[in-house]
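**Q** Just dropping this structure here.
Just so you know, all these numbers are worked out from the coordinates, no wet-lab data involved. This one's a predicted model, so the numbers in the text were calculated from it and none came from an experiment. Here Cβ is always computed from backbone atoms with ideal geometry, including for glycine, and neighbour counts include all displayed protein chains.
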Amino acid sequence: MYTSKNPYTGEILEEFTPLGQNALQRKLDISYREFLKWRNEPLSGRLALIDRLGALLLESKETLSQLMTAEMGKPITQALAEIEKCAWLCRYYSEKAGEHLAPRNVATDATKSFVRYDPLGPVLAIMPWNYPFWQVFRFAVPALAAGNTALLKHAPNVGACAGRIERLFAEAGFPEGVFQNLYIEESRVSEAIASPMVRAVTLTGSTRAGRAVGELSGHHLKKMVMELGGSNALVVFPDADLEKTLGVCVEARFQNTGQSCIAGKRLLLHTDIAEEFTSRLVAEVEKLRCGDPLDPETYIGVLAREDLAENLEAQMRRSIKMGAKLACGGSRKGTFFQPTVLLEVTPEMPVFREETFGPLLAVTTFDSEETAVSLSNRSVYGLGVSVFTEDSERIGRLIPALEEGAVFINSLVRSDPRLPFGGIGASGHGRELSVEGIREFTNIKTVYIG
């Protein structure tokens with residue numbers, strides 16, 4: 001059962017009955033049938049609908065953000081920003097998809113040779129709850145622009161968002177069946193992946209989920225993109241602008257109540273500045289406004305489910321038992337977890353080696369550039385890293401040494417429609433966004449005319 005429950009009030013908002021086997025098969029059949037039509041729709045027509053979709057998002061952003069906040073607890077101002085970012089994504093691809101999908105001529109000994117980008121077919125997306133609109137639009141907009149159709153299996157606790165997204169596509173004028181929401185239980189996911197109607201799979205979620213879905217997709221030889229967990233480092237050198245860096249680090253860790261794969265979860269501080277920086281950091285974290293997610297002044301709301309808060313609490317307690325020092329926060333009540341900073345964290349501790357999904361920042365010190373690189377890379381994850389320094393030579397040395405999908409200098413890691421997004425290792429493979437993202441779900445077809 002899909003149960004929509006307000007994590008702040010505990011109120012049950014809505015329940016959705018999962019599809020049975022026959023109903024699921026009908027939707028899969030419809031998706032493939034519509035793909036055969038949609039791929040022949042002129043690109044200009046597809047992009048006009050995507051542009052209209054972006055406009056609808058902005059027209060409805062107040063009600064959409066309130067739905068998001070009610071269903072998964074995102075602070076309302078951040079929910080509004082998420083809807084606006086989805087509209088930006090629509091605008092980006094409505095302007096750039098033609099350029100990204102244009103055939104690429106290649107000089108060979110042929111009369112003519114080129115590469116073209118043809119759609120694959122229905123793409124099944126298994127999406128998480130933490131960015132219930134952005135994660136869906138990030139996959140769906142480029143996939144549909146390329147001529148694929150889309151099937152959404154959303155997280156069970158954001159069923160209302162899933163249903164509203166499907167209606168948005170319909171209201172924008174997309175033909176029925178081009179984008180479909182699937183209320184299906186976990187046991188039916190394998191059926192969908194195995195179906196010959198489904199030609200590709202994308203997952204945003206945990207590494208554990210990525211292994212399970214990746215095994216199924218690989219068995220059936222389906223193209224897949226995996227955007228999984230992360231444990232990004234924030235690496236601060238003594239020559240950084242500490243005032244600006246402090247604000248970036250707080251935002252990087254605590255936005256969306258810390259529930260983000262690309263959050264800066266491990267703060268690596270040079271010993272020369274560690275004492276001063278942590279003192280100022282704790283003062284800033286203690287100022288963060290906690291409370292009702294619908295209050296525009298709230299920065300820290302609640303976690304989306306109580307079990308998530310319980311898991312974070314367990315990681316914290318095990319790390320403290322191993323020697324970490326609690327600098328601030330540390331208390332939990334239901335789904336609320338107080339913004340927390342742990343000092344003297346070592347690589348063996350859970351808050352360093354595991355992904356922490358909530359408002360907890362783990363602080364570790366280093367005394368050399370080599371140690372900083374080693375600590376940052378000492379993770380099974382490889383989604384992104386932020387480095388704070390004004391030394392251009394150091395920046396040049398660090399960029400190739402850091403084993404991540406993204407390196408951001410003097411900024412928090414973020415996704416941007418203009419740049420490819422994705423990781424390595426336990427953070428997954430494949431890329432979303434930009435030209436690389438729209439081409440992931442295409443047949444990159446070589447044409448040689450003798």
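**Q** Mind listing which GluC sites (Glu not before Pro) in the range 1-60 are in a DSSP loop and have 10 or fewer other Cβ atoms within 10 Å? Intermediate results must be reported in sequence, preceding the final value.
**A** Working: sites: Glu11, Glu14, Glu15, Glu34, Glu59; in loops: Glu11.
Filter output for the range 1-60: Glu11.
**Q** Quick one: check the C-alpha center-to-center distance for the range 171-216 versus the range 64-122, whole angstrom.
**A** 18
**Q** Students often check this: by mean Cβ neighbours within 10 Å, which of 354-365, 239-250, 220-231 ranks highest, and how do the rest follow?
**A** Numbers: 354-365: 25.1, 239-250: 16.4, 220-231: 22.1.
Output ranking for 354-365, 239-250, 220-231: 354-365, 220-231, 239-250.
**Q** Got a sec? How would Lys5, Lys321 order by Cβ neighbour count within 10 Å, fewest to most? Please list the in-between numbers first.
**A** Numbers: Lys5 19, Lys321 10.
By the 10 Å Cβ count, ascending, the order reads Lys321, Lys5.
**Q** Here's something else I'd like to know. Sorted from fewest to most neighbouring beta carbons within 10 Å, what does the list Arg318, Arg305 look like? Show your work: numbers first, answer last.
**A** Values: Arg318 14, Arg305 17.
Fewest-to-most ranking of Arg318, Arg305: Arg318, Arg305.
**Q** Where Lys and Arg each count +1 and Asp and Glu each count -1, what net charge lies around Glu166 among other residues with Cβ under 13 Å from its Cβ?
**A** On the way: positive: Lys27, Lys153, Arg164, Arg167; negative: Glu171, Glu176.
Net charge in that neighbourhood comes out at +2.
**Q** As I understand it, the value is the acute angle between the Cα axis of helix 76-101 and the longest principal axis of the Cα atoms of the chain; what does it come to in degrees, rounded to 10?
**A** Approximately 50 degrees, to the nearest ten.
**Q** Quick one: which of 183-191, 150-158 comes out on top by average Cβ neighbours within 10 Å, and what's the full order, highest first?
**A** Details: 183-191: 15.9, 150-158: 23.3.
Sorting 183-191, 150-158 by mean packing, highest first, produces 150-158, 183-191.
**Q** Ordered by packing density, taken as the mean number of other Cβ atoms within 10 Å over each peptide's residues, highest first, how do 286-299, 416-429 rank? If you can, show how the numbers build up before the last one.
**A** Values: 286-299: 15.8, 416-429: 19.6.
Highest mean packing first, the order is 416-429, 286-299.
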